[in-house]
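A short worksheet on the structure shown next.
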Amino acid sequence: MKRLMVVTGGGDCPGLNAVIRAIVKRASQEKDWEVIGCIESFNGVLREPTEVVVLDNDSVSGILIQGGTIIGTTNKGGPFAYPVKRSDGTWETVDVSDQMIRKLQYMGVDAVINIGGDGSQRISKALYDKGLNIIGVPKTIDNDLSMTDFTFGFQTAVQIATEAVDKLVTTAASHNRIFVLEVMGRDAGWIALNAAIAGGADVCVIPEIPYDINKIKEKIESRYKKGRGFCIIVVAEGSRNARGEKVGLKADEPGYSNFKLGGIGQTLKLELQQAGVEHDIRVSVLGHLQRGGTPIAYDRVLASEFGVKAFELAKSGEFGKMVAYKHPDIIAVTLEEALKEPHLVSPDSFLVQTAKGLGIEFGG
Ligand code: F6P
């Protein structure tokens, strides 16, 4: 019997369960494969007693439409920076990757499928370099992994952000207000740009295009020419403020290395007021609503394709690869290629050209 271990790492994302289900369903068609799930990213193997669960057709029944992940996840720590509490109560991070690989051998794990974003796939690559049979599946609402047209979860996040724009339009129009909607995406503007186009926003601020606040002000004033008016601004959380700084908080949790983005919406409001905008400005932060809940059909399909493909790679022993979508195919790329550079919005892309053609102001 061959043993395959599935891991979900990083922030949760709609479609994780659909990938798990697809792996298990496909594996169950083979007589000599069994699947286990590691609880809370790699923590389940790193902990004593070990926390893993058997995944079979019964355990994945009904999870296709469920948000989150049935095996849990974390974006803190990992085998290369595992948080350990010192006797004085402070924390340190320790590299426990070699112990983990030895433990996986002892557990009889023949292959690992790691479903996660760029941070998780960096861990996949480092573990592969140490000899672990590992395959990556690209997950993130941010869509910032290269070598794949889309990551699963992204389209669901865009749908949720678009619905938020739709709702803000009616309240903004009723009150003649400016609404700033802050959406996720880390250093990529994909969610903001797509939601701005789909929702008919007036301004879109993304990290890839630095803005001049006066250009945004001009756009706003053009929306109030006849006295009454309203304006919808979609801003990506990773956009830099007028001084070129990211807005957020330094991580303070043990093992959590990400800068906690958040607050550019409020910053933009202040900058607009300082630039002389007198209309009422309100800020909505969509936050984790964008990654909770059920995946839309598109992401269920993509996640299922990724899951089946990942199992095929495990079966044929193609490790050190990440599954990827290159329309119309699902392919395998090396983890090295996938991690070379982030997938960001190109200011010269047709998507940006489309937004500009629709009159959306980027401020840059
Ligand atoms: O990477 C996905 C994402 O949701 C980002 O869009 C966001 O900046 C980050 O994760 C938030 O992560 P956390 O789970 O730590 O709040």
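Data table
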item: Degrees between helix 264-274 axis and first principal axis of the chain (Cα, 0 to 90, nearest 10); result: 20 degrees
item: FRET E, pair residue 327, residue 198, Förster distance 25 Å, beta-carbon r, rounded to 0.05; result: 0.80
item: Förster-model FRET efficiency, 56 Å R0, residue 166 and residue 28, C-beta, rounded to 0.05; result: 0.85
item: Segment residue 176-residue 221, extension gain: residue separation times 0.36 nm, minus the distance between their alpha carbons; result: 15.0 nm
item: Cα-based shape type of the stretch 1-148, given that a ≥ b ≥ c are square roots of the gyration tensor eigenvalues and the cut on a/c is 1.5; result: prolate
item: Magnitude of the charge dipole, the chain, Cβ model with Lys/Arg +1 and Asp/Glu -1, debye to 20; result: 500 debye
item: Order of 175, 343, 279 under a 10 Å beta carbon neighbour criterion, fewest first; result: 175, 279, 343
item: Ranked 300, 3, criterion: other C-beta atoms within 10 Å, fewest first; result: 3, 300
item: Difference of contour (0.36 nm per residue) and Cα-Cα distance, residue 280 to residue 57; result: 74.9 nm
item: Relative frequency of Cα-Cα separations exceeding 35 Å in the chain, percent; result: 30 percent
item: Förster-model FRET efficiency, 25 Å R0, residue 87 and residue 250, C-beta, rounded to 0.05; result: 0.45
item: Built amide H within the under 5 Å cut-off of residue 257, gap 5+; result: 77
item: Virtual spin-label span in nm between residue 105 and residue 289, 7 Å along Cα→Cβ; result: 5.1 nm
item: Added length on full extension, which subtracts the Cα-Cα distance from 0.36 nm per residue, residue 273 to residue 354; result: 26.3 nm
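No lab work stands behind these numbers, since they all come straight from the coordinates. Please read these numbers as outputs of a predicted model, since none were measured by experiment. Glycine gets a Cβ as well: all are built from the backbone with ideal geometry, and neighbour counts include every protein chain shown.
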